[in-house]
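Please treat every number below as a calculation from the coordinates, not as lab data. Bear in mind that the values here come from a model prediction, so they are computed numbers and not experimental data. Reconstructed Cβ throughout: ideal geometry from the backbone, glycine too, with neighbour counts over all protein chains shown.
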Ligand SMILES: [Zn+2]
């Protein structure tokens, strides 16, 4: 038995090594979207974990011994990039947020998250920026490690860890103050922010996520949580480690402070207007609108979309998205997925189009725009020679109909095929 398993191991090792050094793919599709433009009659060659050649079929000839991948009436795109996920959360209409945060153990939530990660990858999202575990500690750091080590399938991750809130400003809320209630993020203020930022970095945060406002205004409206100086301090400590600060900010004042303090992306931005969009553009800040979060949560609360009149918060979100478009600010793609099911990430792009973005721009948002916004443009987000072999093939033409991105036929990440539907 021992001998048998040893031989098996050696065989596997030899097979694994030869597979790694020799595996070549020759991929063709009716159209290749390279992250910025559409090309007809193109081919892509993958060797190992890299794209080694891209271009017209006449120039990019099929190498001998390559595995041929082709689907009829199809489009090949770069692996998609989800800009705002919460892999440790799942839809609130199944289990509300408070219950997930307060009653579910980190281990249970992580077990669920492994499935969420797989569903994300199978939907064609080969990279995801995860914006906080919401009470599950650094489970995202462990999830990322398990994916990188090939233990579980999932997207390439950039993770926030616990994220930071100001004292008094975050949920779960409404419990007897005699009880110590754990929060969905780590509270810190003033000079203590220096220690907490460094602690989060030390525990594996790839970037620092700040909740720059909270619905704690006198009338429950969104109001800033941190002062401009606090945000500047967070940014300074974060930047000195080579990382960036990203800010959840809905109110105008919090957006403004976050931008002036040096945030790289603004998440949600529900009350963004043309003037703020221009300020963001000036400071090279990318806007991640999460339009689907508002749309879906409002439906969970009883709004029958298409039947009932459009509620004020949805109408506001639509208008602010239009204002952002008009301002010329760079708009990336990130849906706050977790609020709705992982693997349904394309919903955000469908709603971006529904709210007024050109289909082609929505496609760019989830590829080249997100890649540049997250400093990944030399790795992913494009079908380009030398980049990682993260490739997706879908039926139809998503540059004309964004929902065609749901018709995933083939998913490759780092040159490994995860989905191949004949
Ligand atoms: Zn979020």
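For the chain, find the longest principal axis of its Cα atoms and tell me its angle to the long axis of helix 192-202, 0 to 90°, nearest 10. Result, in degrees: 10.
The length gained by stretching the chain between residue 64 and residue 379 to full extension, at 0.36 nm per residue less their Cα-Cα distance, is 110.7 nm.
Mean separation of Cα pairs under 8 Å and 6 or more residues apart, divided by the residue count, gives the chain a relative contact order of 19 percent.
Given R₀ = 45 Å, FRET efficiency for residue 105-residue 358 by Cβ-Cβ distance, to 0.05? Efficiency computed from Cβ-Cβ geometry: 0.50. Hey, what angle do you get for helix 228-239 against the long axis of the chain, alpha-carbon based, 0 to 90 degrees rounded to 10? That works out to roughly 30 degrees.
Label separation (residue 240 vs residue 49): 3.3 nm, computed from points 7 Å beyond Cα along the C-beta direction.
A straight chain from residue 319 to residue 191 at 0.36 nm per residue would run longer than the Cα-Cα distance by 42.3 nm. With the convex hull drawn over the C-alpha atoms of the stretch 144-242, the volume per residue is 139 Å³. Provide the FRET efficiency to the nearest 0.05 for the residue 260-residue 39 pair, computing r from the beta carbons and using R0 = 51 Å. After rounding to 0.05, the efficiency reads 0.80. Angle check, please: helix 106-122 long axis (alpha carbons) against the longest principal axis of the chain (alpha carbons), in degrees 0 to 90, nearest 10. The two axes meet at around 50 degrees. The simple spin-label model puts a point 7 Å past each Cα toward its Cβ; for residue 218 and residue 175 those points are separated by 3.0 nm.
Here the Kirkwood formula puts the hydrodynamic radius of the stretch 82-373 at 19.0 Å, using every distinct Cα pair. A straight chain from residue 308 to residue 420 at 0.36 nm per residue would run longer than the Cα-Cα distance by 36.2 nm.
Panel order for 342, 375, by other beta carbons found within 10 Å of each beta carbon, from fewest to most: 375, 342.
Taking every DSSP helix (H) stretch of at least 4 residues in the chain, weighting each as -39,500 (n - 2.57) and dividing the sum by the residue count yields a mean residue ellipticity at 222 nm of -10000 deg cm²/dmol. A Förster radius of 25 Å combined with the Cβ-Cβ distance from residue 115 to residue 145 puts the calculated FRET efficiency at roughly 0.90.
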